[in-house]
Each structure stands twice: as C-alpha cells, then as structure tokens.
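Since the structure comes first, as structure tokens, the remarks are kept for the end.
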Amino acid sequence: MTKSKRVAVLPGDGIGVDVLREAVRLLEAIDKKRPLSLDLWHLDLGADRYLRDKTTLPKETFEEVRDTCGAILLGALGDPRVPGLEHARDILFGFRFGLELYANVRTVKCLHDKLCPLKAKPASAVNFTVFRENTEGVYVGVGGQVRKGTPDEIAINEDINTRKGVERILRAAFDFAKEHGKTRVHMADKSNAMKHAHELWYRAFFELAKEYPGIEARHVYVDALCLYMIQEPENLQVIVTNNLFGDIVTDLGAALQGGLGMAPSGNINWARRGPALFEPVHGSAPPLAGKDLANPFASALTVGMMLDYLGYAGIESAIEDSVRDCVVAEECTRDVGGSLGTRASMDKLIARVSDRL
Ligand code: NAD
Ligand code: IPM
Ligand code: MN
C-alpha cells in the first residue's frame with residue numbers, strides 16, 4: 001500500500017515541544033540528501049490550546065488526519081497546568097483508540113555498552129521489541145467513583161479484554177517475529193491472579209502459537225518478566241502484553257537503553273497499516289521543558305521508525321548508527337553522558353546522518 005506523505009506534527013507539551021522542533025529539523029536535513037516530499041501539517045493541540053479555548057482533539061481534525069495522513073509525529077502530552085490531564089487523554093487516546101492503533105510497538109535496543117546499566121552485560125544483550133496492546137485494558141475508562149470524598153468511597157477502573165482485541169495484538173507479535181526472523185515470543189500476564197481476564201490471554205496465546213510452528217511461545221508472569229529483563233535480557237526477542245503492563249515494562253526497558261531519552265515507539269494498526277502515530281516513549285518532563293536539556297535522540301529514533309513505516313529504506317539505520325556515534329563521541333545531552341544541549345546534540349546528529357545518506 002502506498003502511504004500518504006502527509007504527516008501531522010503534534011509537539012504537545014513540555015519537552016514534547018523541544019524535541020519535536022529538533023525532529024522536524026532532522027526531517028528537513030534528511031530531505032536535503034534524500035528528497036522525502038513529506039507534507040508536514042503542524043497541529044496546534046496540547047495544554048496551551050486547551051487552556052486558551054478548551055479545544056482538545058476536534059472531530060474534524062481527527063477525521064482529516066485519518067483521511068489524509070500517513071503518519072502522526074507526536075512529542076508528548078502532559079502539563080501541570082492541567083492536573084486532570086483531560087486534554088492529554090482526549091488527544092492521545094483519541095488517536096490510539098479512534099484509529100484503532102492497537103499495536104504499540106516499543107523497540108528496546110541498547111545502542112552501546114556505555115548506555116547499558118547492567119553489570120557485566122554488553123549492549124547487545126538488550127535487543128527486543130515490546131508489543132503493547134493499545135486499545136483495551138484499564139485504559140478504556142469503564143468504571144466510576146461512588147461516594148466520592150467520603151470514607152466509604154469506591155473507585156473502579158474495569159479491565160476490558162476482548163477476544164478480538166487480545167488475539168489481534170498476539171497475532172501482530174507473532175507476525176512481527178516471523179517477518180524479522182525471531183524465534184521466540186514471550187507473553188506476559190498475571191493469569192495467576194487475574195483468572196478471568198488473563199486466562200483469556202493465556203488460552204488465546206497458546207491457541208495462536210499453533211499457527212506459528214517455527215516460533216517458540218513462552219508464557220511469563222509480568223512480575224517475573226521484570227526480573228528477567230534485568231537478569232537475562234538476552235533471552236528476550238519479542239514480548240507481547242496488555243496495555244498497562246506494556247506501559248510499565250517499557251519504562252523499565254527504557255532504563256536498559258540508557259533512559260527515556262533513547263526510547264522510540266510506534267502506534268500502529270498492524271492489520272490495516274493505515275495512518276500510524278509515532279512518539280518517543282517519554283513524557284513531557286515538565287522540569288526540563290524549555291531549558292535545552294531534553295535528549296532529542298528518542299525523537300530522532302522515532303523519526304527513523306516513522307520513515308521506515310512510510311516506506312523509505314535505509315534511513316532508520318542511518319539515524320540509529322549516527323545516534324550511537326554521537327553517544328560514543330559524547331556529542332549528546334547529559335542524561336546519556338554528554339554535556340550538550342538539545343539543539344547542539346541534534347546539530348551533531350544531523351551532521352552524522354547527512355554524511356551517511
Ligand atoms: P517523563 O517521561 O516525562 O519523565 C520521567 C523521567 O525521565 C524524568 O526524570 C525526566 O526528566 C526523564 N526524561 C524523560 N524524557 C527525557 C528526555 N528526552 N531527555 C532527558 N530526560 C528525560 O514522565 P513523568 O515525569 O512521569 O510524566 C510527565 C508528564 O508526561 C505527565 O503529565 C505524564 O502523564 C506525561 N506523559 C506523557 C506521555 C506521552 O505523551 N506519550 C508519556 C509519558 C508520560
Ligand atoms: C505512554 C504514557 C501514556 C500511557 C500516558 C500519558 C497516558 O505513559 O505513552 O507511555 O500510559 O499510555
Ligand atoms: Mn508510559
């Protein structure tokens with residue numbers, strides 16, 4: 001399928017603005033070496049807009065993105081001036097749920113030994129991909145509060161798991177494994193405690209595994225997965241899990257990559273592969289916002305993922321290799337061992353990527 005070259009650019013809040021400014025500069029620099037012919041459409045959505053006129057994600061904007069864009073490039077959402085985060089949920093979940101981007105694909109790859117926090121493990125030990133279910137679970141918002149503000153208060157968030165929703169993310173993980181020559185998929189749940197919802201995951205996983213005879217299907221409880229991610233990450237290739245667990249284990253995964261400043265992600269409808277949303281795993285990091293401190297490399301790696309998705313070959317690896325070289329040369333921000341600011345780090349990265357293309 002030929003994808004639209006229109007890309008909605010949504011910086012959002014906090015360091016989302018800082019890092020997307022740099023991501024756009026990277027795209028412009030790439031375009032000079034390899035014409036991408038992308039049509040960038042800048043969306044004024046986020047906390048500022050919400051505080052200005054109460055707009056979160058207008059229906060017509062959502063529909064235009066759905067009908068005309070190949071991808072959305074997002075920074076981050078979350079601002080202390082909107083403590084309830086209602087704008088963030090409307091926008092982020094509006095796209096994730098509305099476009100049925102059920103596969104949140106988070107690459108956990110440590111690019112250099114310097115970045116690996118594990119004693120006696122090389123960077124090569126950390127190289128796996130998490131398939132996080134992205135449209136169900138406790139994120140659906142089914143629930144409520146009763147007797148709010150009283151000692152008898154009750155607060156409920158239901159965990160929604162449908163056969164269709166579970167099966168399609170499991171299938172995406174197996175298909176990805178097959179497409180990428182991987183030999184093992186781990187499915188992480190809490191079926192020992194959550195006997196209704198996660199028994200479904202367990203059963204569906206082993207039923208589906210029969211369709212993928214070349215791939216070893218391993219079940220792991222999510223608490224043990226956290227242990228194995230640290231003790232023996234080299235055994236992990238593809239992990240598939242639910243929405244909440246996937247959110248949590250990918251911040252742990254980011255720590256194995258050198259921090260949140262190094263972790264990219266894509267939100268994809270794996271079956272239709274229509275418009276997809278690409279974003280760094282990190283949030284808006286309010287204490288760093290506007291101070292030229294944020295690491296822009298997670299966004300750069302996210303740009304790589306997006307360009308690969310849009311069908312441009314060879315650019316993702318050029319970005320990844322250049323990020324690695326920048327880290328080795330200490331041409332990077334403080335969180336990954338350098339002393340440069342956001343903008344100067346991207347200048348260095350752009351020079352290296354341009355040389356490679
Ligand atoms: P966060 O990811 O913003 O920050 C966690 C830690 O990582 C902080 O110490 C921060 O300084 C550091 N960090 C994150 N990104 C970095 C970068 N690029 N360079 C250097 N250091 C970086 O998570 P948080 O503090 O829990 O959340 C802040 C806000 O972001 C909240 O409103 C939260 O809801 C929101 N959030 C949004 C998204 C998203 O838009 N997809 C993701 C996560 C959190
Ligand atoms: C993420 C974030 C979001 C999530 C928040 C901001 C709702 O943590 O994208 O990882 O939990 O999905
Ligand atoms: Mn998260």
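The values are calculated or read from the model by the stated rules, or taken from the named source; none is laboratory data. Bear in mind that the values here come from a model prediction, so they are computed numbers and not experimental data. Cβ coordinates were reconstructed from backbone atoms using ideal geometry, including for glycine residues, and neighbour counts include every protein chain displayed. Just the protein is used for accessible areas: all its heavy atoms, side chains included, with ligands, DNA and RNA removed. Shrake-Rupley method; radii C 1.70, N 1.55, O 1.52, S 1.80 Å.
Structural remarks
- Whole-number Å³ per residue for the convex hull built on Cα positions in region 12-87: 87
- Convex hull volume per residue in cubic angstrom - Cα atoms of region 38-131: 157
- Diffusion coefficient, µm² s⁻¹, Stokes-Einstein with Kirkwood Rh over alpha-carbon pairs of region 103-262 at 4 °C and 1.567 mPa s: 78
- Filtered GluC sites (Glu not before Pro), region 131-186: DSSP coil and at most 13 other beta carbons within 10 Å: 153, 158
- Aspartates and glutamates with Cα under 13 Å of residue 54, excluding same-chain neighbours fewer than 8 positions away: 44, 86, 90
- Carbon and sulfur %, accessible surface of the chain computed with the full protein complex present, 1.4 Å: 51
- When only the Cβ of Lys, Arg, Asp and Glu is charged (+1, +1, -1, -1), the dipole of the chain relative to its Cα centre reaches about 440 debye.
- Solvent exposure, largest accessible area first (probe 1.4 Å, DNA, RNA and ligands not counted), of 129, 150: 150, 129
- Helix-only [θ]222 nm of the chain, DSSP H runs n ≥ 4, -39500 (n - 2.57) each, per residue, nearest 500: -13000 deg cm²/dmol
- Choice from 286, 275, 296 showing the highest fluctuation, given a GNM over the chain with Cα pairs closer than 10 Å: 286
- Of 3/195; 109/164; 5/109, those spanning more than 32 Å from alpha-carbon to alpha-carbon: 3/195
- Springs join every pair of Cα atoms under 10 Å in this Gaussian network model of the chain, and among 342, 61, 183 the largest mean-square fluctuation is at 61.
- A simple spin-label model places pseudo-atoms 7 Å from Cα toward Cβ; at residue 219 and residue 64 they are separated by 4.9 nm.
- Kirkwood-Stokes translational diffusion coefficient of region 268-332, alpha-carbon pairs, 20 °C, 1.002 mPa s, µm²/s: 160
- Kyte-Doolittle mean at least -1.0, axial Cα span of 15 Å or more - DSSP H helices of the chain: 15-33, 86-98, 163-179, 197-209, 243-257, 297-309, 315-328, 342-356
- The residues of region 185-343 expose, per residue, 38 Å² of accessible area to a 1.4 Å probe.
- Relative frequency of Cα-Cα separations exceeding 26 Å in the chain, percent: 50
- Cα-Cα over 30 Å, subset of 32/291; 121/190; 190/291: 190/291
- Taking trypsin sites (Lys or Arg not before Pro) in DSSP loop states with no more than 14 other Cβ atoms inside 10 Å as exposed sites, the chain has its longest site-free stretch at 292-357.
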